[in-house]
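Q: If you scroll down you'll find the structure; I have some questions about it.
No value in this document is a laboratory result; all are computed from the given coordinates. Keep in mind the model is a prediction, meaning the values are calculated, not measured. With ideal geometry, Cβ positions are generated from the backbone for all residues, glycine too; neighbour counts draw on all protein chains shown.
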Amino acid sequence: MRTFHIIQINCDCCSDLQAYLNMLWKKGPRCENCRKVLGIMEWIYIGTIKAHDKKDAVIRWKANKGSC
């Protein structure tokens with residue numbers, strides 16, 4: 001199991017949770033739908049969770065903490 005960082009994004013195309021292994025970005029994360037680089041006001045760090053992969057991390061977060 002790996003530790004994933006959960007981030008809530010608010011892009012022009014969608015609003016969703018995304019999971020990342022690391023948070024090493026120069027400008028910000030990318031939206032997984034439209035690939036736009038998100039600015040500082042378009043994403044927020046939620047927390048960490050242990051899971052097997054990205055999809056499992058988001059599912060576990062929503063099941064344990066509830067959707068944002």
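Q: Condition (residue is crowded, with 17+ Cβ neighbours inside 10 Å, more than 12 Å from the chain's Cα centre (by Cα) and of a type in the set (Gly, Ala, Ser)) applied to segment 14-32: is it met by at least one residue?
A: no
Q: Quick check on Lys55: is it assigned to a loop (DSSP other than H, G, I, E, B) and either of a type in the set (D, E, K, R) or touching a Pro at 6+ places or on another chain (Cβ under 7 Å) (or both)? Quick ask: steps written out before the conclusion?
A: Numbers: assigned to a loop (DSSP other than H, G, I, E, B): no; either of a type in the set (D, E, K, R) or touching a Pro at 6+ places or on another chain (Cβ under 7 Å) (or both): yes.
Answer is no for this residue.
Q: Please determine, by comparing only the residues of segment 1-13 that are touching a Ser or Thr at 6+ places or on another chain (Cβ under 9 Å) and within 13 Å of Lys54 (Cβ to Cβ), which one is surrounded by the most Cβ atoms within 10 Å (Cβ to Cβ).
A: First, pick out the residues of segment 1-13 that are touching a Ser or Thr at 6+ places or on another chain (Cβ under 9 Å): 3-6, 8-9.
Those left that are additionally within 13 Å of Lys54 (Cβ to Cβ): 3-6.
Values: Thr3: 11, Phe4: 24, His5: 17, Ile6: 22.
Top of the filtered list is Phe4.
Q: Oh, and also: Just the residues that are closer than 16 Å to Lys54 by Cβ and either in a loop (DSSP other than H, G, I, E, B) or not charged (D, E, K, R) (or both), please, taken from segment 26-44.
A: Our first condition is that a residue be closer than 16 Å to Lys54 by Cβ; within segment 26-44, this holds for 29-33, 35, 43.
Within segment 26-44, Pro29, Cys31, Glu32, Asn33, Arg35, Trp43 qualify.
Q: What about Ile6, is it within 13 Å of the chain's Cα centre (by Cα) and touching a residue at least 40 places away in the same chain (Cβ under 8 Å)? If you could, list the steps in order and put the result at the bottom.
A: Numbers: within 13 Å of the chain's Cα centre (by Cα): yes; touching a residue at least 40 places away in the same chain (Cβ under 8 Å): yes.
Yes, satisfied.
Q: Give me the residue from segment 44-63 that is touching a Lys or Arg at 6+ places or on another chain (Cβ under 9 Å) and farther than 13 Å from Arg2 by Cβ and, out of that set, surrounded by the most Cβ atoms within 10 Å (Cβ to Cβ).
A: Just the residues of segment 44-63 that are touching a Lys or Arg at 6+ places or on another chain (Cβ under 9 Å), to begin with: 46-47, 49-53, 57, 60.
Narrowing the set further to residues that are farther than 13 Å from Arg2 by Cβ leaves 46-47.
Working: Ile46: 16, Gly47: 10.
Among them, the one singled out is Ile46.
This table checks each residue for (1) of a type in the set (A, V, I, L, M, F, W, C); (2) in contact with a strand residue (DSSP E or B) (Cβ under 7 Å, 6 or more places away or on another chain).
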{"site": "Ile9", "(1), (2)": "yes, yes"}
{"site": "Cys14", "(1), (2)": "yes, no"}
{"site": "Ala19", "(1), (2)": "yes, yes"}
{"site": "Met23", "(1), (2)": "yes, yes"}
{"site": "Gly28", "(1), (2)": "no, yes"}
{"site": "Arg35", "(1), (2)": "no, no"}
{"site": "Thr48", "(1), (2)": "no, yes"}
